[in-house]
1. Rounded to the nearest 500, what is the 222 nm mean residue ellipticity of the chain from helices alone, with -39500 (n - 2.57) per DSSP H run of 4+ residues and division by all residues?
2. Take the alpha-carbon positions of segment 11-177, form their convex hull, and give its projected area averaged over all directions (one quarter of the hull surface) in nm².
3. Please list 3J(HN,Hα) in residue order for segment 108-121, calculated via the Karplus relation 6.51 cos²θ - 1.76 cosθ + 1.60 where θ = phi - 60°; whole Hz, with x for glycine and proline.
4. What percentages, rounded to whole numbers, describe P(r) for segment 182-383 computed over all alpha carbon pairs with 5 Å bin width beginning at zero?
5. Between Asn109 and Asp23, what is the spin-label point distance in nm, taking each point 7 Å from the Cα along the Cα→C-beta axis?
6. Once you have a ≥ b ≥ c as the square roots of the Cα gyration tensor eigenvalues for segment 158-205, tell me rounded if a/c is under 1.5, and otherwise prolate or oblate according to whether a/b is larger than b/c.
7. Between Gln156 and Phe6, what length in nm is gained on full extension when 0.36 nm per residue of separation is reduced by their alpha carbon distance?
8. Which of Asn52, Leu153, Phe167 sits closest to the plus end of the dipole of segment 11-177, meaning its Cα is farthest towards the positive end, when Lys and Arg get +1 and Asp and Glu get -1 on the C-beta?
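Every number in this text was worked out from the coordinates using simple rules, so none of it is lab data. Everything numeric here is computed off the predicted structure, so don't read it as measured data. Positions of Cβ are backbone-derived with ideal geometry, glycine not excepted, and every protein chain shown enters the neighbour counts.
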Amino acid sequence: MFNFDFYNPTHICFGQGRIAELDRLIPANARVLVLYGGSSAQRTGTLAEVQNALGQREVHLFGGIEANPSYEKLLEAVELVRREKLDFLLAVGGGSVIDGTKFVAAAANYTGEPWEILQSGGRKISQALPIGTVLTLSATGSEMNNGGVVTRLSLQAKLPFRNNLLFPRFSILDPTKSFTLPVRQVANGVVDAFVHVVEQYLTYPVNAPVQDRFAEGLLQTLIEQGPLALSQPQDYEVRANLMWVASMALNGLIGAGVPQDWSTHMIGHELTVLHGLDHAQTLAVLLPSMLQQRRTAKRDKLLQYAERVWSLRDGDEEQRIDEAIAQTRSFFEALGVKTRLSDYNLDQTVITPLLAQLESHGMSKLGEHRDIDLATSRLVLEASL
C-alpha cells in the first residue's frame, strides 16, 4: 500500500426514527437552512418531520435543488444564507442535495468568485459552514465524505470538489425514507455505488488485501441486495443494507492507500452535461467499455474481480476477463439501467463534442496511471455505442 491518512469525522445516526434526534445534534441557537430537492420531501412528510424535530430554532427552507445540482441555483441559496445570516445547513435528500449543500457551505463566506471553489477542485476552501444531512436516497455516499459535484449550466461544466471542511457533522440514515423512491432512482443508486467501488478497486495490485476484500464484499452485497431492493421495496432489512453499503462505498475507507481510477466518472460527467443522462446511466454505459479498453493495464485485478466477485474460475484468463465484463453489463441491465449510448438515442456524432469538453476541462490524462488520453477516451466512447 501507499502511505496514506484516513480522516472521517461524520457522526452516523442509523435506523428508523432517528430524525427526532436533530434537536440534540444541532445547536439550540442555530439559524438553520434546510435544503431539499423536489416535492417528494414534502409529499412523503419527511420535511415536516424535520421541521418538527428542529423545534423553536429559526428555520428557513430552500427547495428545488436539481438532480445534478446547478451552480446557478445554489448561488440563490448562498444569497439567502448571507442575507439572513444563517449558520447551519441541513440537507434533506440524496447525493445531489448533499453535494449542493456542501458547495453552499463553502461559498457562503467565500470572499472571491464562488466559481473558483469548483475550478480549484475545492483547494481554495478555507472555511465552511457546518452541515448535517438527512439521507433519503442511497447512491453517492456524499453523506459520509468530503466531496461533491456541481454543474454550471451556462458553461456546460460539471466539476468535482472536495475539502476536509466539508464532511457532514452528522448524517441521519433512516432506511424507511427510501421506501417510496421510484424504481429508476433505486436502480441508479445501486449502479452508482457499484461503480464507486470499482473505481477504487479495479486498478492494479499494491498488496492491500484488507481494502480488496472489503471492496469485494461491498460489490457482492450490491449484486445480492440490489435486485431485492427493486422487487421488495418495503423490506427494511434490504433497504438498510443498501443504504449502508452505499455509504461504505465512498467514505474513503476502501480507497485509503490504494490507487484509484475515476476515468469512467469524469467522462460520464460530460455525458450528463451535454445530453442529460442520469449520472448512473453514464456509468453503466461507460464502465464495460472502459474495462475492455483497459484490460491489459487492469489484467491482474480483472482476473481477481472475475474470481472473487463473479466466481469465474473456468476457461482461460482472457475468457474469464471477458465473462467478468459481460457479467457486469448484465447486472446493470438486469436492474433496468441500459448500457449503450444507442439506448439513449445517441450516436457517433456525440463523440467529438464530448472529447472537446474533456479537453477544455483538463481531463486528458485520466485513470490510475494518468495515461487515458483523448484518443483512448474516443475508443471507449466508440465501444459504448
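1. Calculated at 222 nm, the ellipticity per residue is -14500 deg cm²/dmol.
2. Computed as one quarter of the Cα hull surface, the answer is 8.5 nm².
3. So the J values, rounded to whole Hz, are 4, 10, 6, 8, x, 6, x, 4, 4, 4, 6, 4, 8, x.
4. 1, 8, 16, 20, 21, 17, 11, 5, 1, 0
5. 2.9
6. Details: a/c = 2.04, a/b = 1.19, b/c = 1.71.
The shape class here is oblate.
7. Extending this stretch completely gives an extra 50.7 nm.
8. Projecting each Cα onto the dipole axis, the largest value belongs to Phe167.
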